[in-house]
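See below for the structure under consideration.
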Amino acid sequence: MKRVKAESLKFKVQGSLFRITITSLAAHSSQLAACCLLVLLTTTSLHAQVLSLDTVLHRIDRQNPMLQEYDQRVEALHAYTTGAKSWMAPMVGAGTFMTPYPGQRLMEERDKGNVMISVEQQIPNPAKLNANKNYLQSKARVQQQGRALQYNTLRAEAKTLYYQWLADLQKISILQENERIIDLMLKLASIRYPYNQGSLGNIYKTEGRLSEVQNMMLMTRASIKEKSYRLKALMNIPAMDSIMIDTATVVSFEPNNTLYDTALLGANRSDIKQIDKTIEVMRLNQKLQQYQAKPDFKIRFDHMQPIGRNMPTQFTAMAMVSIPIAPWSSKMYRAEVKGMQYDIAAMKKGREAILTEARGMLAGMASQLTNMKRQLDNYKTRIIPALRKNYETTLLAYEENRGQLPEVINAWEAMNMAQMEYVNKLEEYYTMIVRYEKELEK
């Protein structure tokens with residue numbers, strides 16, 4: 001009988017570790033190589049695409065439908081602007097002029113009347129046309145700032161999901177370590193129980209802790225999957241695509257002195273720019289209404305062809321001008337100009353209020369972020385290392401029969417709670433950075 005050999009294979013495919021255990025005859029090395037090649041090709045096709053944060057934001061800027069909607073609106077306003085200086089279409093007419101009703105007695109040949117052809121053209125005031133064109137062009141700039149405002153919102157959402165994904169990966173790492181720790185304690189307790197060096201209740205308690213850790217890992221992985229789908233929706237890529245974030249991403253916070261300068265803060269924020277562009281639109285519309293006081297023109301030409309014989313052909317040429325300064329017609333545009341002036345003043349006050357609120361909010365968030373950074377440093381350099389040493393000490397005592405399993409579990413729980421609290425505070429810290437950068441539009 002030939003000896004059967006168990007072979008354990010371990011290899012990497014684009015950073016992912018795979019292990020295959022195959023029981024086969026020692027002589028069948030060719031079949032083993034074929035199997036490895038098949039698994040290699042299969043796993044390569046399933047590898048997730050790693051996306052940096054800059055790549056994610058670039059794809060959102062280029063592919064998100066909400067932003068494309070604003071792009072189409074801007075193009076529409078540009079198209080409307082091309083016809084802003086158009087004239088009204090000319091009017092052409094034909095009919096009779098001074099033609100008697102049938103049955104009337106005609107005294108002379110000229111009483112038969114004329115056939116008339118008429119051409120009429122309105123000529124708008126050039127100043128009104130230029131003002132209308134400038135007004136329509138300014139509306140496109142408001143939409144452009146609206147797009148920037150929407151992109152700032154989407155960028156903040158994408159950053160939040162990206163940073164939360166980073167925090168979830170840290171949770172997974174901690175939970176995996178905890179799973180190994182609990183599994184070790186469970187093995188030690190199971191070995192000691194037959195020798196009356198431990199209780200059955202401690203074993204069940206340890207099994208419960210192990211199940212809790214595994215359950216938290218399932219919840220965290222589900223959270224990562226949800227964030228993956230939401231990021232793919234923001235980038236407008238197929239939901240079936242597999243993506244992964246760059247785990248080497250470094251999130252840092254540096255206070256910005258822009259918040260102390262209202263002019264610089266207003267120059268960086270798209271909502272303030274949108275208000276400025278809206279004020280510009282209203283001023284140009286106000287100017288357009290003021291130009292309604294300027295006259296418009298009209299020319300008209302009539303040609304009369306006599307019906308009777310030996311009668312001369314005739315024409316009429318007229319030039320007309322409107323009188324918009326008449327009291328009964330000037331009330332409308334004067335009221336429009338006055339009302340827009342009040343609207344502009346109101347928007348200026350709103351702009352001032354937004355800047356004041358943003359400056360106070362940014363100062364408060366900067367102070368809070370500084371304190372949160374200190375807390376995280378304390379967790380990382382003092383609290384967690386001390387609790388880890390406490391756990392390692394109690395575990396060592398338990399391994400040397402100088403301690404009990406509940407003491408080890410309590411020490412582990414204290415360390416685990418501190419680690420998870422650190423990650424939760426780190427996630428809050430990331431979220432606060434996103435809010436801070438959203439206010440600054442970074």
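The values are calculated or read from the model by the stated rules, or taken from the named source; none is laboratory data. Quick caveat: nothing in here was measured; it's all calculated off a predicted structure. Don't worry about glycine lacking a Cβ; one is built from the backbone with ideal geometry, like all the others, and counts go over all protein chains shown. Areas reflect the complete protein model, heavy atoms only, side chains present, ligands, DNA and RNA absent. Shrake-Rupley method; radii C 1.70, N 1.55, O 1.52, S 1.80 Å.
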Within segment 383-442, track down each residue that is closer than 18 Å to Val251 by Cβ and open to solvent by less than 20 Å² (accessible area, probe 1.4 Å).
Val423, Leu426, Tyr429, Met432, Ile433, Val434, Tyr436, Leu440
Residue under question is Lys133, and the condition is that it be of a type outside the set (S, T, N, Q), in contact with a Lys or Arg (Cβ under 8 Å, 6 or more places away or on another chain), at pLDDT below 95 and open to solvent by 40 Å² or more (accessible area, probe 1.4 Å); does it hold?
yes
Which of the residues that make up segment 173-198 are touching a residue at least 24 places away in the same chain (Cβ under 8 Å), surrounded by fewer than 17 Cβ atoms within 10 Å (Cβ to Cβ) and either among the polar types (S, T, N, Q) or within 30 Å of Arg230 (Cα to Cα) (or both)?
Gln176, Glu179, Gln197
Which pairs do you get when a residue that is open to solvent by less than 60 Å² (accessible area, probe 1.4 Å), found in segment 206-224, comes within reach of a residue that is of a type in the set (Lys, Arg) and in a helix (DSSP H, G or I), reach meaning Cβ atoms under 7 angstrom, with the pair 6+ apart or on two chains?
Thr220/Lys171
I'm trying to understand the selection: among the residues of segment 345-382, which are touching a residue at least 12 places away in the same chain (Cβ under 8 Å), closer than 30 Å to Glu421 by Cα and open to solvent by 60 Å² or more (accessible area, probe 1.4 Å)?
Met361, Gln368, Lys373, Gln375, Lys380
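What number of residues within segment 228-242 satisfy the criterion of being in contact (Cβ under 8 Å) with a residue 40 or more places away in the chain and either on the phi > 0 side of the Ramachandran plot or surrounded by fewer than 18 Cβ atoms within 10 Å (Cβ to Cβ) (or both)? Spell out how you get there, then give the answer.
Here is the first cut: in segment 228-242, the residues in contact (Cβ under 8 Å) with a residue 40 or more places away in the chain are 228, 230-231, 234-237, 241-242.
The next check asks that each one be either on the phi > 0 side of the Ramachandran plot or surrounded by fewer than 18 Cβ atoms within 10 Å (Cβ to Cβ) (or both); those that pass are 230, 236-237, 241-242.
Within segment 228-242, residues that are in contact (Cβ under 8 Å) with a residue 40 or more places away in the chain and either on the phi > 0 side of the Ramachandran plot or surrounded by fewer than 18 Cβ atoms within 10 Å (Cβ to Cβ) (or both) number 5.
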When segment 257-276 is checked residue by residue, the ones that are in contact with a Ser or Thr (Cβ under 7 Å, 6 or more places away or on another chain) and open to solvent by less than 60 Å² (accessible area, probe 1.4 Å) are Leu265
Flag for Arg359 being part of a helix (DSSP H, G or I) and within 22 Å of Ser252 (Cα to Cα):
yes
Mind checking which strands (runs of 3 or more DSSP E) fall wholly inside segment 1-96 and carry at least 1 residues that are open to solvent by less than 90 Å² (accessible area, probe 1.4 Å) and modelled with pLDDT of 90 or more?
49-51
Breaking point among (1) under 30 Å from Gly95 (Cβ atoms); (2) open to solvent by 80 Å² or more (accessible area, probe 1.4 Å); (3) among the hydroxyl-bearing types (Ser, Thr, Tyr), for Tyr342:
(1)
Of all residues in segment 301-338, how many are part of a strand (DSSP E or B), free of Cβ contacts under 8 Å to residues at least 60 places away in the same chain and under 60 Å from the mean Cα position of the chain (by Cα)?
4
Residues of segment 110-153 satisfying the condition of being of a type in the set (Val, Ile, Thr) and either part of a helix (DSSP H, G or I) or more than 23 Å from Asp296 (Cα to Cα) (or both):
Val115, Ile117, Val142, Thr153
Within segment 258-317, how many residues turn out to be aromatic (Phe, Trp, Tyr) and either farther than 30 Å from Glu108 by Cα or touching a helix residue (DSSP H, G or I) at 6+ places or on another chain (Cβ under 7 Å) (or both)?
3
Would you mind finding the one in Thr249, Thr220, Thr206 that is of a type in the set (Ser, Thr, Tyr) and part of a loop (DSSP other than H, G, I, E, B)?
Thr249
Just wondering, is there one or more residues in segment 110-121 that are touching a helix residue (DSSP H, G or I) at 6+ places or on another chain (Cβ under 8 Å) and either surrounded by 18 or more Cβ atoms within 10 Å (Cβ to Cβ) or modelled with pLDDT under 95 (or both)?
no
Evaluation of Pro100 against (1) in contact (Cβ under 8 Å) with a residue 40 or more places away in the chain; (2) open to solvent by less than 60 Å² (accessible area, probe 1.4 Å) (one fails), failing number
(1)
Is it the case that some residue within segment 222-229 is within 22 Å of Tyr151 (Cβ to Cβ) and either touching a helix residue (DSSP H, G or I) at 6+ places or on another chain (Cβ under 9 Å) or hydrophobic (A, V, I, L, M, F, W, C) (or both)?
yes
Quick check on Ala156: is it hydrophobic (A, V, I, L, M, F, W, C), closer than 30 Å to Ser52 by Cβ and either in contact with a helix residue (DSSP H, G or I) (Cβ under 9 Å, 6 or more places away or on another chain) or modelled with pLDDT under 90 (or both)?
yes
Which condition from (1) outside any loop (DSSP other than H, G, I, E, B); (2) touching a strand residue (DSSP E or B) at 6+ places or on another chain (Cβ under 9 Å); (3) of a type in the set (A, V, I, L, M, F, W, C) is the one that Leu264 breaks?
(2)
